[in-house]
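Chemist: Quick one: the structure is below, and I'll ask about it shortly.
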Amino acid sequence: MNVNFDIQEKQAQPTKPPKPVIKTKDLDFAYGDSQALFNISMDIFKKEVTAFIGPSGCGKSTLLRCFNRMNDLINSANIKKGTIRISDIDIYNKDVDVIELRKHVGMVFQKSNPFPKSIYENIAYGMRIQGVKKRSELDETVESSLRGAALWDEVKDRLNKSALGLSGGQQQRLCIARTLAVKPKIILMDEPCSALDPVATAKVEELIHKLKKNYTIVVVTHNMQQAARVSDRTAFFYLGRLVEYETTEQIFMNPKNSKTEAYVSGRFG
Amino acid sequence: MESDNQQQRAHIFSRRFSLNKFLEISTTFVLRFFTYLIIVLAGYLFWDIAYKGSKVIFISEAPFINVQFLTEKPQTLHVFEPVDIDSQLKAAKADILSKSIQRKALSNSNIEEANAYTLAIKELNEEIKLLDIQRKERRLLFSDSEFRNLSETPSDDDYVYNTYAYSGGGIGPAIIGTTLLVFGSILIALTLGVLCAIYLSEYSRPGKVLQSIRLSILNLSGVPSIVFGLFGFGLFVLYLDWGVSLIAGWFTLALMALPVIITASEESMRAIPKGFREGSLALGATKWTCIRTNVLPYAMPGILTSSIMGIARVAGETAPIMFTAAFALRDRLPWEGLEQSTDFFFQGVMALPYHIYVVSSKIPQNEYTQSMQYGTAFVFLLIVGMFALSSIILRVKVRKKYDW
Amino acid sequence: MKRYFHKELTELENKLILLGEKSHQVVQLAVEGLIENNLDKVNEAYKMDDYVDVLEMEISHACIRYMSLRGPVSSDLRLLVVALKASKDFERIADEAHSIAQKSYRLLTTEGSLKNTLNLSEMGKLVCELVNDSISCFVKEDIDKAFLILKRDHEIDAINQKHFDILSNEAFRDEMSDAARFDLMLISKSIERIGDHAKNIAGGVIFLLNGDQ
């Protein structure tokens, strides 16, 4: 064949092997007596969007919250077996400072939860609690975080107004900006769009797509379409077990497991 | 035509009688009746106190408020009543007495004569009323200080002279004492209560222990106030040897308000959305930073309003301060005659509830003490009302500001 | 709002146009090679078909991928369905052109050169135009042109019918071998099929633009 076309070039390009950032190995997790996660082993790769899907109570949020030890807040929660290593450090080791871990692994929650302060103070909060007082530094971070969250143009004229005056989608993006301000490497999102209308959801998804260039993102979502749209890899959980973890294309176009197939095609249960 | 009408009337949604509907209407009426009854009773109570009390507090000349009553110390009232009217009154009263005895002595058959007596008594009563008005116009009232300043006392020939304890002057020290007690105990109770509530709601591990602690705190609010009074008396006054003092009163009142404050504070903190905490912790805040910056500021208004209400209620209690802080009469104001600044805390004060108690229970009732009672009660009501109002205003304002 | 994955749709469209142009090129090469007795062109047409097949597979894969992952509806979905069908048609066009090239090669190598090309040159020109127009009506979203294509197909059908009559005529038997006559008949048939596919594509464009079946 003498004609060379760009399509073939793309295929011919050897794909760089992705680098795992979060390595979960044989993880068993329990709330008191009821075990929530069974023998989870998965690697989450750098600068990719990984989506966790599955029916309610399948343990996807639990696993997500293990990554920045938000589960520590629940007294009865504990890891029974296995390890989670982030950048090759066992985060459940005794010498790990949870505060530092959480700065490294940011989290965005289901319900947008801006603090009832001004937009500026919301973003600056993470810096302030670290003791940053210099106004110029704060200003700079606030602007760059808001720009990073694609919110700067919408709010630059009312930075000192209450964050509660923003729309739902803006609030959620504010929360993402707030997380960016602490300069994390990994961002966990726990159903970030479940309370948003389609337009706001689309904006947040665009943002996730944009952030992928610089951050490793893990998204828990109930919306399979969303997982399909935003993620590079998708993990399907069922009853606390990891059923299938593959590239998103594989999961949605040709899943290997019949449970995954049933779930993604809406034939579940 | 008629059948048409009937058909129209009997459509599927037409009104028809049923037992349930009857029950519904009658239940509404019963509920409404009892609610209005309570409102009427409470209204009467307040109106009575307000009507009689305002006679003491408001006067007909400028500045329209009886400043003397609000600022002066309680004093003995010196009353001079005109002799002639007094004797006339006495005669009339004696006449009534003898006539009613005579009438009772009559047999049932003699109706005409009995009627004549009844008529006479009626007339005498009218006369007494007229005399009473005259007496009130012509009598002279002096408080202790005024009496002492008189250049000459009204002569015994013209006037009958009587004194009534606590019925003259005003209730200034009691107002000041109550205010001091309220603010002091707010300070102590809030500090203790909020610290305790923070621990209980944020730090403690849920379990049997916490459950029993909560239960005992709740039970504390059911303890009779006199028991608190005795406890305070035993611990602060006797054991710690603080004597009957402001500080003993503060702690006793604070202890009594604690259950309310702890419960209210915990409630307020629990009302803060979980997201505030999680959001803050996820940004790398320590638990205390999170509470300090993201829980307490938003819970504080709620804590304050409920606490103020709680303390205002507790401050109305007589029993806890009876043995610990209150004096029946103290003619020095709290800041007068202090040798050391710490003495301020170790002195007893007058307090409005205790004053009402003293005036009502220890001293024979008469028209002069009555005005003192009602006046004090009314002032006290106003003060408590002001506290409640301020807490309501605070709540409304804050609700507008923080709406999540 | 333009979403990031809408780029994929544009890429798909471009790929489909590329596929159309490639298959058009194959047809042109095959027909011209036959008429001009040019073996090089015929050979090139013969080879290009493979590339068209690959492209067609890529397009259908991209369509299915987009449908599974992006949840398209309305015009987006119609575009995908049309792309699936049209890519199949283009692929068939290239296939027919391939077989034209195959037969032309045989004709040219066994017979030397073709003296009587019947009406094939006009027919080939017509069908090339038709394929070209079917692409351009997709690119320019020109529904009138698409409707026109539906009508123009009949001319080709008529010529094809005429060829059948001529080739099956006794008189024509002397002029060339049976094999050559069969090949010519098949070539004519292939060109007619190409016209049909172009018509199908035009039908797809109409569906894409106004949503009617």
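Chemist: Test of understanding: among A:Ser34, A:Ser87, which residue is open to solvent by 20 Å² or more (accessible area, probe 1.4 Å) and out of contact with any Lys or Arg (no Cβ under 9 Å at 6 or more places or on another chain)?
Modeler: Exactly one of A:Ser34, A:Ser87 is open to solvent by 20 Å² or more (accessible area, probe 1.4 Å) and out of contact with any Lys or Arg (no Cβ under 9 Å at 6 or more places or on another chain), namely A:Ser34.
Chemist: Please determine, by comparing only the residues of the range A:216-244 that are under 13 Å from the mean Cα position of the chain (by Cα) and open to solvent by 40 Å² or more (accessible area, probe 1.4 Å), which one is nearest to A:Asn39 (Cα to Cα).
Modeler: A:Arg233
Chemist: Listed residues B:Val79, B:Val83; which is β-branched (Val, Ile, Thr), modelled with pLDDT under 80 and surrounded by 18 or more Cβ atoms within 10 Å (Cβ to Cβ)?
Modeler: B:Val79
Yes or no, residue by residue, for (1) among the charged types (D, E, K, R); (2) open to solvent by 30 Å² or more (accessible area, probe 1.4 Å); (3) within 24 Å of B:Ser225 (Cα to Cα):
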position	(1), (2), (3)
B:Ala315	no, no, yes
B:Phe327	no, yes, yes
B:Asp331	yes, yes, no
B:Glu336	yes, yes, no
B:Ala351	no, no, yes
B:Glu367	yes, yes, no
B:Tyr374	no, yes, yes
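Chemist: Could you tell me whether C:Asp133 is modelled with pLDDT of 90 or more and in contact with a helix residue (DSSP H, G or I) (Cβ under 6 Å, 6 or more places away or on another chain)?
Modeler: When the stated conditions are applied, C:Asp133 passes them.
Chemist: Still on this model: Among what's in the range A:194-209 and is within 14 Å of chain C (Cβ to nearest Cβ) and of a type outside the set (A, V, I, L, M), pick the residue that is farthest from A:Gly168 (Cα to Cα).
Modeler: Among those that are within 14 Å of chain C (Cβ to nearest Cβ) and of a type outside the set (A, V, I, L, M), it is A:His209.
Chemist: Within 30 Å of B:Ile101 (Cα to Cα) and out of contact with any Asp or Glu (no Cβ under 9 Å at 6 or more places or on another chain) - does that describe any residue in the range B:143-163?
Modeler: No, because not a single residue in the range B:143-163 is within 30 Å of B:Ile101 (Cα to Cα) and out of contact with any Asp or Glu (no Cβ under 9 Å at 6 or more places or on another chain).
Chemist: Another question, then. Do any residues in the range A:158-185 that are within 12 Å of chain B (Cβ to nearest Cβ) have Cβ atoms under 6 Å from those of residues that are of a type in the set (Ser, Thr, Tyr) and part of a loop (DSSP other than H, G, I, E, B), where the two are at least six apart or on different chains, and which pairs are they?
Modeler: A:Gln171/A:Ser112; A:Gln172/A:Ser112; A:Cys175/A:Ser112
Chemist: For the range C:38-74: of the residues being farther than 30 Å from A:Ser265 by Cα, out of contact with any helix residue (DSSP H, G or I) (no Cβ under 6 Å at 6 or more places or on another chain) and of a type outside the set (Asp, Glu), which is surrounded by the most Cβ atoms within 10 Å (Cβ to Cβ)?
Modeler: C:Tyr51
Chemist: From the list C:Asp49, C:Asp40, exactly one residue is under 23 Å from the mean Cα position of the chain (by Cα), within 11 Å of chain A (Cβ to nearest Cβ) and among the charged types (D, E, K, R). Which is it?
Modeler: C:Asp49
Chemist: Scan the range C:109-121 and tell me whether some residue there is open to solvent by 40 Å² or more (accessible area, probe 1.4 Å), within 14 Å of chain A (Cβ to nearest Cβ) and of a type in the set (Val, Ile, Thr).
Modeler: Within the range C:109-121, none of the residues are open to solvent by 40 Å² or more (accessible area, probe 1.4 Å), within 14 Å of chain A (Cβ to nearest Cβ) and of a type in the set (Val, Ile, Thr).
Chemist: Further question: In this structure, does A:Glu137 turn out to be open to solvent by 40 Å² or more (accessible area, probe 1.4 Å) and more than 9 Å from chain B (Cβ to nearest Cβ)?
Modeler: Yes.
Chemist: On to the next question. For the condition among the hydroxyl-bearing types (Ser, Thr, Tyr), farther than 23 Å from B:Ile383 by Cα, open to solvent by less than 50 Å² (accessible area, probe 1.4 Å) and modelled with pLDDT of 75 or more, what is the one hit in B:Ser54, B:Ser26?
Modeler: B:Ser26 is the lone residue from the list that is among the hydroxyl-bearing types (Ser, Thr, Tyr), farther than 23 Å from B:Ile383 by Cα, open to solvent by less than 50 Å² (accessible area, probe 1.4 Å) and modelled with pLDDT of 75 or more.
Chemist: Would you check which residues across the range B:150-204 are under 32 Å from the mean Cα position of the chain (by Cα), of a type outside the set (A, V, I, L, M, F, W, C), farther than 15 Å from B:Leu258 by Cβ and open to solvent by 30 Å² or more (accessible area, probe 1.4 Å) and list them?
Modeler: Answer for the range B:150-204, where residues must be under 32 Å from the mean Cα position of the chain (by Cα), of a type outside the set (A, V, I, L, M, F, W, C), farther than 15 Å from B:Leu258 by Cβ and open to solvent by 30 Å² or more (accessible area, probe 1.4 Å): B:Asn162, B:Thr163, B:Tyr164, B:Tyr166, B:Thr179.
Chemist: Further question on the same structure: Mind checking which pairs have a first residue in the range B:207-236 that is within 13 Å of B:Val314 (Cβ to Cβ) and a second that is among the acidic types (Asp, Glu) and open to solvent by 60 Å² or more (accessible area, probe 1.4 Å), Cβ under 8 Å, 6 or more apart or different chains?
Modeler: Close Cβ pairs (under 8 Å, with a partner that is among the acidic types (Asp, Glu) and open to solvent by 60 Å² or more (accessible area, probe 1.4 Å)) do not exist here.
Chemist: I'd like the residue in the range A:245-268 that is more than 14 Å from chain C (Cβ to nearest Cβ) and open to solvent by 60 Å² or more (accessible area, probe 1.4 Å) and, out of all such residues, is nearest to C:Cys63 (Cα to Cα).
Modeler: A:Lys256
Chemist: Also: Which one is nearest to A:Thr221 (Cα to Cα) among residues in the range A:65-82 that are more than 13 Å from chain B (Cβ to nearest Cβ) and surrounded by 16 or more Cβ atoms within 10 Å (Cβ to Cβ)?
Modeler: Once the filter is applied, the top-ranked residue is A:Cys66.
Chemist: Now, a different point. Please enumerate the residues belonging to the range C:15-37 that are without any contact (Cβ under 8 Å) to a residue 24 or more places away in the chain and either facing chain A (nearest Cβ under 10 Å) or buried (at least 17 other Cβ atoms within 10 Å of the Cβ) (or both).
Modeler: Correct list: C:Gln25 only.
Chemist: Can you tell which of C:Arg3, C:Arg92 is away from every other protein chain (no Cβ under 12 Å), touching a helix residue (DSSP H, G or I) at 6+ places or on another chain (Cβ under 8 Å) and either farther than 19 Å from C:Ser134 by Cα or open to solvent by 50 Å² or more (accessible area, probe 1.4 Å) (or both)?
Modeler: C:Arg92
Chemist: Another question, then. Of all residues being open to solvent by 70 Å² or more (accessible area, probe 1.4 Å) and among the acidic types (Asp, Glu) in the range A:90-128, which is farthest from the other protein chains (Cβ to nearest Cβ)? Just the residue, please.
Modeler: Filtering the range A:90-128 for residues that are open to solvent by 70 Å² or more (accessible area, probe 1.4 Å) and among the acidic types (Asp, Glu), the one farthest from the other protein chains (Cβ to nearest Cβ) comes out as A:Asp95.
Chemist: Looking for something assigned to a helix (DSSP H, G or I) and among the aliphatic types (A, V, I, L, M) - is there at least one such residue anywhere in the range B:150-166?
Modeler: No: the range B:150-166 contains no residue that is assigned to a helix (DSSP H, G or I) and among the aliphatic types (A, V, I, L, M).
Chemist: Oh, and also: Please tell me if C:Ser75 is closer than 30 Å to A:Gln226 by Cα, small (Gly, Ala, Ser), assigned to a helix (DSSP H, G or I) and touching a Cys at 6+ places or on another chain (Cβ under 9 Å).
Modeler: No.
The values are calculated or read from the model by the stated rules, or taken from the named source; none is laboratory data. A quick note: this is a predicted structure, and the numbers were derived from the prediction, not measured. All Cβ positions, even for glycine, are placed from backbone atoms using ideal geometry, and neighbour counts span all protein chains on display. To get the accessible areas, we keep the full protein, side chains included, count just its heavy atoms, and leave off ligands, DNA and RNA. Shrake-Rupley method; radii C 1.70, N 1.55, O 1.52, S 1.80 Å.
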